[in-house]
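Asks: The structure is given below, and queries will be raised subsequently.
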Amino acid sequence: MLAWEKRYLMEQTALGGRRARILEILREADSPLSVVEIAEMIGAHINTARTHLESLVEIGSVVRVAEESGQPGRRRILYSCPAPGRVEHKTPWFRLLAQMLAGWAATKLPEIDTEIHDVGVQWGRYLTTRPAPFETFAQETIAERILDKLEVTTAIEAVAEPQRHLVIRDCPVPELVGGASGEIICQLHAGLISGSFAELGLASRVVGISPHAGTGICHVWVRRNVEVTVVPFVDPETGPEPLPEPVPAIDPQ
């Protein structure tokens, strides 16, 4: 273990033991491991294991890799250690770059709201595997197909009641959502999901978003057969204004 890694782990007094154990497990493993496998090995809840792993990713001690499945749908995210003598420092720099660009874009609001959302839509299409001709989806598998090319650990969960929406867990940039550039980030994210729906041939679109930077959880409200160019922030308890007639939000055409 590198000296600066030891110092970092020692500073994490309550959590250092588990993180050191995770590093040991990954270095001894013959292949990358999933968060479920690591959670079982350290005797912790999956969310606890993911928190430790993402902290190690932040300092470059661990890297994420996407499992090669050869099948459409969200690829499983695995974790491994970099080759000896090599530590990944990219993540903090990419976050800084995102913060700089989002901060600059925020000074242009509200004039560029529509453009920002459209950028997200176009990239959402690009980051989604196009279905085969005549392919249909089971209700429970659609969330797995959203942005399935995007190699992140963000979990997307479909919720049917009381209003149909998505729950985005483990936001990759909660510090940006909580700042002045939050509107830019959320408009992009809403556009990404709407673009992904479009590429999948589904009629659902994002009509409201409820970010919560403190928990990393975001509620994304969707409706069918509507077109939105600027997605509003809405109350997470009530969601957007209800439609005259309730319709399924996440289903095949």
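The values are calculated or read from the model by the stated rules, or taken from the named source; none is laboratory data. The shown structure was predicted, so the numbers you read here are calculated from the model rather than taken from an experiment. Positions of Cβ are generated from backbone atoms using ideal geometry, with glycine treated the same way; all protein chains shown enter the neighbour counts.
Asks: When segment 1-48 is examined, which residues are found to be among the hydrophobic types (A, V, I, L, M, F, W, C), more than 16 Å from P82 (Cα to Cα) and modelled with pLDDT of 85 or more?
Replies: V35, V36, I38, A39, M41, I42, A44, I46
Asks: List pairs: first residue in segment 51-62 and over 13 Å from R21 (Cβ atoms) and among the aromatic types (F, W, Y), second residue surrounded by fewer than 18 Cβ atoms within 10 Å (Cβ to Cβ) and at pLDDT below 80 anywhere in the structure, Cβ distance under 6 angstrom, at least six positions apart or on different chains.
Replies: Hits for this filter: zero, empty list.
Asks: Could you check I184 against (1) over 21 Å from N225 (Cα atoms); (2) crowded, with 22+ Cβ neighbours inside 10 Å; (3) modelled with pLDDT under 85 and say which number it fails?
Replies: Failed condition: (3).
Asks: Restricting attention to segment 49-74, which residues are among the aliphatic types (A, V, I, L, M), assigned to a helix (DSSP H, G or I) and modelled with pLDDT under 85?
Replies: L56, V57
Asks: A further question follows. Give the number of residues within segment 97-112 that are within 10 Å of Q187 (Cβ to Cβ) and surrounded by fewer than 17 Cβ atoms within 10 Å (Cβ to Cβ).
Replies: 2
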